[in-house]
Amino acid sequence: MGAYKKLLYMILSAPLLASFACSGNNENSHTTVTTHVSPPPHQVLRAETRSGRQLAGAPNPSVEVNKPLLVFNLPNGQTFRAGEEVVIDFSLANAKLKGDGGDYRVRYFVDDDEMQWIDRWEQVALSGWVPGKHTIRLELIGPDGWPVRDNIVTREIMVVK
């Protein structure tokens, strides 16, 4: 019966001991451990424009020849090393960008971050990539402010160390 009394005493006195251990005027009566977990690296891309134009040819016979056409000249699934630039190089047919005296714009997104605009027909070199899988989406935007049908192109790339 002695073991039963000891067990009962420990069960009944544990909450009382816990309340005394964390209270009082002693600075060390309650200890909190704080750990700092750094956030994952945030990608900050730098964009540099370069002149260079190519006329787009129809990629297949189903594309109408007189309609605006955007071709993204970057192979899907391409691998880059960290520190390398990824160049957004595109071709246009039957469309003139605003900066070149037309009514169209090219909008691009990297990893669904904020949209960026290209108003002159120039290459955009992006640097500052963090390793991992990334998505680049180009859209040809018409004079009405909406993407032109069949002119949204997405590419996935891989950046390795």
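Scan the stretch 148-155 and give yes if some residue there is closer than 18 Å to ASN94 by Cβ, buried (at least 16 other Cβ atoms within 10 Å of the Cβ), in contact with a helix residue (DSSP H, G or I) (Cβ under 7 Å, 6 or more places away or on another chain) and not charged (D, E, K, R), otherwise no. It would help to see each step written out before you state the result.
Our first condition is that a residue be closer than 18 Å to ASN94 by Cβ; within the stretch 148-155, this holds for 148-153.
Still in the running and buried (at least 16 other Cβ atoms within 10 Å of the Cβ): 148, 151, 153.
Right, trim to in contact with a helix residue (DSSP H, G or I) (Cβ under 7 Å, 6 or more places away or on another chain) and you get none.
For the stretch 148-155, residues closer than 18 Å to ASN94 by Cβ, buried (at least 16 other Cβ atoms within 10 Å of the Cβ), in contact with a helix residue (DSSP H, G or I) (Cβ under 7 Å, 6 or more places away or on another chain) and not charged (D, E, K, R): absent.
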Does LEU126 satisfy the condition of being assigned to a strand (DSSP E or B) and either touching a Phe, Trp or Tyr at 6+ places or on another chain (Cβ under 7 Å) or more than 21 Å from VAL44 (Cα to Cα) (or both)?
no
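Which residue is surrounded by the fewest Cβ atoms within 10 Å (Cβ to Cβ), if the candidates are limited to the stretch 129-145 and must be assigned to a strand (DSSP E or B) and more than 13 Å from the chain's Cα centre (by Cα)?
Going through the qualifying residues, I end up with GLU139.
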Could you list, in sequence order, the residues of the stretch 88-109 that are among the β-branched types (Val, Ile, Thr) and either touching a Gly at 6+ places or on another chain (Cβ under 8 Å) or modelled with pLDDT under 95 (or both)?
ILE88
Any chance you could count how many residues in the stretch 65-96 are in a strand (DSSP E or B) and under 19 Å from LEU140 (Cα atoms)?
10
Considering only residues that are more than 25 Å from the chain's Cα centre (by Cα), farther than 11 Å from TRP121 by Cβ and surrounded by 16 or more Cβ atoms within 10 Å (Cβ to Cβ), which ones fall in the stretch 84-98?
ALA93
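The values are calculated or read from the model by the stated rules, or taken from the named source; none is laboratory data. Note that the structure is predicted; figures quoted are calculated from it, not measured. Because the Cβ atoms are built from the backbone with ideal geometry, glycine has one as well, and the counts that use them run over all protein chains shown.
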